[in-house]
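The values are calculated or read from the model by the stated rules, or taken from the named source; none is laboratory data. The shown structure was predicted, so the numbers you read here are calculated from the model rather than taken from an experiment. Reconstructed Cβ throughout: ideal geometry from the backbone, glycine too, with neighbour counts over all protein chains shown.
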Amino acid sequence: MSSIFISYRRHDSQDIVGRIYDRLAEVFSSTSVFRDLDSIPLGVPFPQFLRASLEKTDVVLVIIGPGWLTAKDANGNRRLDDPNDFVRIEIETALQLERLIIPILVSHATLPRSDELPELLRDLPIRNALQMRPDPDFHNDIAKLIRALQKMGLQASDEDERRKAKALAQAASDVQKDVLGFLATFEHLLSTIDIVQLIKLVPQPLVPIKNVFAEMYATAFIDEANLADIADLDPQVSLKDIIEFLLQAAWDKGYFMAKFYRHNRILAPHDKLDTKTVMDHVIDQNKGIENLSVLLDVFLQRAISKCTEGRALISTLGKFPVGDRLVEIMSPHLDKWGDTVRTLFGCGVFISDVEDELLKNSG
């Protein structure tokens, strides 16, 4: 049974469709993803085979590029106006069968208006669409699509679970690589494993500590940068909410950097620590985090510096729905923001070191 059906025009989006297909096939298996190039047996009538395939499909991805709407045939007529156009047949059939349809917008394309489409396709634009951007944003966007499909009930294949385990093991063993090699491994880890699932590996007793660090430094940054009165962002998300989220993510990355580089070990589910024990140890040892050059060795200092260059910081800010405004607000304070993000990276490394020391002492 094909759980995912990909509808697209080859001349319009073939390259990125290949990347989307490869990633979905990795996660859900190639037998669960239908794409005409690989899925249609020789000699089989195309329209009949399409309908039979769509009847067995859970989700239809309609890939829309800049030329999807206006593509013309050899006579100069718009393809969508031809009742025998294969893309039109695919979408009409999916709508008739009431399949879940997700428009995927690629190469900066926009969703067509209903009045630009043939009558039987006019329900397509009311579907919520997903932007699939080129690198460096492709990995984030495809991961978002995969998470959405999994929430709909599509199951990852056993091969994908084995691939995730292999990626974790590989990251843990690459402790002697140079800085760029380490960063490549770490970013590969984040692109091949759902970051939400990875963050769940942080022991629950450490989450309140992470949140306290993030809240404390978010408040300090906003006060020092005089941003407390900023209110013209998303009405449901404040500037402080966004800053805390980004600092929590920096803490997580620092924590895992220490795991994969400094300690060369993956978290064990049976690790037993509580929040009070960790904080008592921090206070008793009088371990501060203000001076990262003391806390971090040269390798981790360089790795964190590479992750928090100005361009990387702006790129991250720009990924939010209010990204343009966020970049405008934060750009005058980018040096201070970079210092704050680096500090939270250091906090994550620091707590990972404390946790490791406590576990060794208790073991």
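Residue check: ARG19 meets all listed conditions (1) assigned to a loop (DSSP other than H, G, I, E, B); (2) modelled with pLDDT under 90 but one, namely (1).
Every listed requirement among (1) under 14 Å from the mean Cα position of the chain (by Cα); (2) in a loop (DSSP other than H, G, I, E, B) is met by GLY153 save one, (1). Looking at the range 256-275, can you tell me whether even one residue there is modelled with pLDDT of 80 or more, under 20 Å from GLN204 (Cβ atoms) and surrounded by fewer than 18 Cβ atoms within 10 Å (Cβ to Cβ)? Looking through the range 256-275, at least one residue is modelled with pLDDT of 80 or more, under 20 Å from GLN204 (Cβ atoms) and surrounded by fewer than 18 Cβ atoms within 10 Å (Cβ to Cβ).
What residue, among those in the range 305-345 that are of a type in the set (Val, Ile, Thr) and part of a helix (DSSP H, G or I), is modelled with the lowest pLDDT?
Taking the range 305-345 as the starting set, the residues that turn out to be of a type in the set (Val, Ile, Thr) are 308, 314, 316, 322, 327, 329, 340-341, 343.
Next cut, part of a helix (DSSP H, G or I) only: 314, 316, 327, 329, 340-341, 343.
Working: ILE314: 86, THR316: 80, VAL327: 88, ILE329: 89, THR340: 92, VAL341: 90, THR343: 88.
Residue satisfying both the conditions and the ranking: THR316.
Can you name every one of the helices (runs of 4 or more DSSP H) wholly within the range 31-127 that holds 2 or more residues which are at pLDDT below 90 and aliphatic (A, V, I, L, M)? Please lay out each step first, then the result.
Working: elements: 36-39, 46-55, 86-96.
Of the helices (runs of 4 or more DSSP H) lying wholly inside the range 31-127, those with at least 2 residues that are at pLDDT below 90 and aliphatic (A, V, I, L, M) span 46-55.
Screening the range 62-78 for residues that are in contact (Cβ under 8 Å) with a residue 40 or more places away in the chain and more than 28 Å from the chain's Cα centre (by Cα) and picking the one that is surrounded by the most Cβ atoms within 10 Å (Cβ to Cβ) gives LEU69. ILE230 meets all of the listed conditions (1) under 19 Å from the mean Cα position of the chain (by Cα); (2) surrounded by fewer than 17 Cβ atoms within 10 Å (Cβ to Cβ); (3) at pLDDT below 85 but one, namely (1).
Okay, residues lined up against (1) surrounded by 16 or more Cβ atoms within 10 Å (Cβ to Cβ); (2) under 22 Å from LEU359 (Cα atoms); (3) at pLDDT below 85; (4) not assigned by TED's automatic domain parsing to the domain that holds LEU145:
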| site | (1), (2), (3), (4) |
| --- | --- |
| GLU187 | no, no, yes, yes |
| GLU215 | no, no, no, yes |
| ILE222 | yes, no, no, yes |
| ILE242 | yes, no, no, yes |
